[in-house]
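Enquirer: First the structure, then my questions, so here it is.
The values are calculated or read from the model by the stated rules, or taken from the named source; none is laboratory data. Keep in mind the model is a prediction, meaning the values are calculated, not measured. Neighbour counts are summed over all protein chains in view; Cβ atoms, including those assigned to glycine, are modelled from backbone coordinates with ideal geometry.
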Amino acid sequence: MPPDQSTHWEPGFPVDAKLTLKSLRRGRYDPTHRVEADGTLWRTARTSSGLVTYRIRQQRLDDLDVDAWGPGAEELVGNIRSELGEHDRPEEFRPGHPVLERAWKRLPGLRVPRTGRLFEALVPAVLEQRVVGLDAMAAWARLVRAHGGAAPGPAHETMRVMPSPEEWAKIPVWEWRRAGVDLQRSRTITFVSRHAAKLDRAAGDPARAYELMSLMPGVGVWTAAQVGHRALGDADALPLGDFHLGRMTGLALAGHPLADDEIEAFYRPWRPHRYRVVRILELTPGTAPRRGHRAPRAQRFR
């Protein structure tokens, strides 16, 4: 099936599409994100113009081909450079620590994405509040498969597009429960669904976007940071309140776990690249133990 829109991009800097957009993936069974054996990346999205499936192929870090299908194809292709981090300035990052120096050299092409789709990033972030990641990912996959739209183009049988704000708001209580989502998180998603258009319109003004999120019940600093580094391209979006952040950071960079009240001061030297440090540690096996104390099933961060 020929694509509705295509573009070829040869940036003057390294871009690893698969690595950059990996932060958008919600688990191994995410129906909106697929990577083939040859490295081809497939994703779906709900743009302001409509549903879209897009495919990214690259042979080198400075050579990318993007194809898109569906009503949102033109909009997606028009924004794909931003989504892949054209705005980002990783060359200004100074690791300042031998662990980070070594890890950073092994991640050429890693950039901070900017999808511009705040609602798309906010819903799964809310699902991840106060529960272990596997539970949140299972809930996301179940709800998207049950209530999402069919992916346009050649992926229509294997992928789904996340539900519209209206569809999220209509999910009945028992469906949330079957997906393992408690009442507080489902109420938060229902609330933000009513303000989805306003959120997405604020994508071009990060300060305004953070202000809007801060006014929404159930959306705290941690949740806003998850949206910031996915939808707003915020390389400084430090996820304060994350259950594993102090342990991961401390063991990798300080030799001992950090207490919650030590984290913000510890990260201060890396501003405005604090999230970049977090992402480098997440993507570098061996910098710290991958598993520590598990997050409580019903409480932790917002």
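Enquirer: Tell me which residues, restricted to the range 67-92, are buried (at least 24 other Cβ atoms within 10 Å of the Cβ) and of a type in the set (A, V, I, L, M).
Expert: 68, 73, 76, 84
This table checks each residue for (1) assigned to a helix (DSSP H, G or I); (2) closer than 28 Å to residue 1 by Cβ; (3) among the polar types (S, T, N, Q); (4) touching a Phe, Trp or Tyr at 6+ places or on another chain (Cβ under 7 Å).
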position: 129; (1), (2), (3), (4): no, no, yes, yes
position: 177; (1), (2), (3), (4): yes, no, no, no
position: 185; (1), (2), (3), (4): yes, no, no, no
position: 188; (1), (2), (3), (4): yes, no, yes, no
position: 197; (1), (2), (3), (4): yes, no, no, no
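Enquirer: Now a separate question. For the range 111-165, which positions are farther than 30 Å from residue 12 by Cα and among the β-branched types (Val, Ile, Thr)?
Expert: Hits for the range 111-165 are 123, 126, 131, 132, 144, 158, 161.
Enquirer: Filter the range 158-204 for residues that are in contact (Cβ under 8 Å) with a residue 40 or more places away in the chain and of a type in the set (Ser, Thr, Tyr); which is surrounded by the fewest Cβ atoms within 10 Å (Cβ to Cβ)?
Expert: Going through the qualifying residues, I end up with 158.
Enquirer: Quick check on this structure: which one of 143, 134, 122, 110 is surrounded by fewer than 23 Cβ atoms within 10 Å (Cβ to Cβ) and assigned to a helix (DSSP H, G or I)?
Expert: Just one listed residue meets the conditions, 134.
Enquirer: Out of curiosity, is residue 234 loosely packed, with under 15 Cβ neighbours inside 10 Å and charged (D, E, K, R)?
Expert: Considered against the rule, which asks whether it is loosely packed, with under 15 Cβ neighbours inside 10 Å and charged (D, E, K, R), residue 234 comes out as no.
Enquirer: Between 218, 246, 233, which is over 30 Å from residue 175 (Cα atoms), assigned by TED's automatic domain parsing to the domain that holds residue 272, more than 17 Å from the chain's Cα centre (by Cα) and of a type in the set (Gly, Ala, Ser)?
Expert: Criteria check complete, one pass: 246.
Enquirer: Considering each of 269, 289 in turn, give the residue that is at pLDDT 95 or above and over 25 Å from residue 18 (Cβ atoms).
Expert: Every option except 269 fails the conditions.
Enquirer: Taking residue 120, is it more than 28 Å from residue 219 (Cα to Cα) and of a type in the set (D, E, K, R)?
Expert: no
Enquirer: Residue 95 - would you say it is surrounded by 16 or more Cβ atoms within 10 Å (Cβ to Cβ), in the same structural domain as residue 146 (by TED's automatic domain parsing) and within 20 Å of the chain's Cα centre (by Cα)?
Expert: The answer is no for residue 95.
Enquirer: Additional query: Just one of (1) surrounded by 21 or more Cβ atoms within 10 Å (Cβ to Cβ); (2) free of Cβ contacts under 8 Å to residues at least 40 places away in the same chain trips up residue 227, so point out which.
Expert: Of everything listed in (1) surrounded by 21 or more Cβ atoms within 10 Å (Cβ to Cβ); (2) free of Cβ contacts under 8 Å to residues at least 40 places away in the same chain, residue 227 misses just condition (2).
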